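Note sheet for the following structure.
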Amino acid sequence: MDVVTLLTVAVLVGWLATLILQGKNDDVYVCDFSIAVMGAALAGGVIAPSLGISPTGPYGLTLAGTFASWAGATALLAAANLLRYGRLRGDRRRSTRKGAPAQPLAHPGKD
């Protein structure tokens, strides 16, 4: 197993899992990203080979290995969101009132 390939896949599918489970935010948090990368590395490096799934093949990546890494990243990030927020998606910018529009911090043109 090529470690550089495994780490590259872990970063890419960790980023993808973070984008899928981030909710309504426009930015990716480092904590969520690192949790997803750890989940992808664990799934692709430890769990997948123990199940007989090769993360890398003779020509580079395998689809089954990449999918196993993505599933591990998504599962670990979803579990972390469930423990932190009580839901699978991490909506961090929830308003106190439902349906209330977001107010700007400063009004342009008013001094």
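The values are calculated or read from the model by the stated rules, or taken from the named source; none is laboratory data. Because the structure is predicted, anything quoted here is derived from the model rather than measured. Methodologically, a virtual Cβ is constructed for each residue, glycine included, from the backbone with ideal geometry; neighbour enumeration extends over all protein chains shown.
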Against the definition (exposed (fewer than 11 other Cβ atoms within 10 Å of the Cβ), in contact with a helix residue (DSSP H, G or I) (Cβ under 9 Å, 6 or more places away or on another chain) and modelled with pLDDT of 75 or more), how does Leu51 come out, yes or no?
yes
Would you point out which residue out of Gly44, Gly72 is surrounded by 10 or more Cβ atoms within 10 Å (Cβ to Cβ), at pLDDT 85 or above and within 13 Å of Leu7 (Cα to Cα)?
Gly44
Counting just the residues of segment 19-37 that are modelled with pLDDT of 80 or more and of a type in the set (Val, Ile, Thr), which one comes out surrounded by the fewest Cβ atoms within 10 Å (Cβ to Cβ)?
Val30
Give the residues of segment 54-69 that are among the aromatic types (Phe, Trp, Tyr) and surrounded by 12 or more Cβ atoms within 10 Å (Cβ to Cβ), sorted by residue number.
Phe67
Does Arg94 satisfy being modelled with pLDDT under 90, assigned to a loop (DSSP other than H, G, I, E, B) and out of contact with any Phe, Trp or Tyr (no Cβ under 6 Å at 6 or more places or on another chain)?
yes
Tell me whether segment 8-18 contains one or more residues that are buried (at least 17 other Cβ atoms within 10 Å of the Cβ), among the β-branched types (Val, Ile, Thr), assigned to a helix (DSSP H, G or I) and in contact with a strand residue (DSSP E or B) (Cβ under 7 Å, 6 or more places away or on another chain).
yes
Taking segment 19-63 only, how many residues are in a helix (DSSP H, G or I), free of Cβ contacts under 8 Å to residues at least 12 places away in the same chain and of a type outside the set (S, T, N, Q)?
5
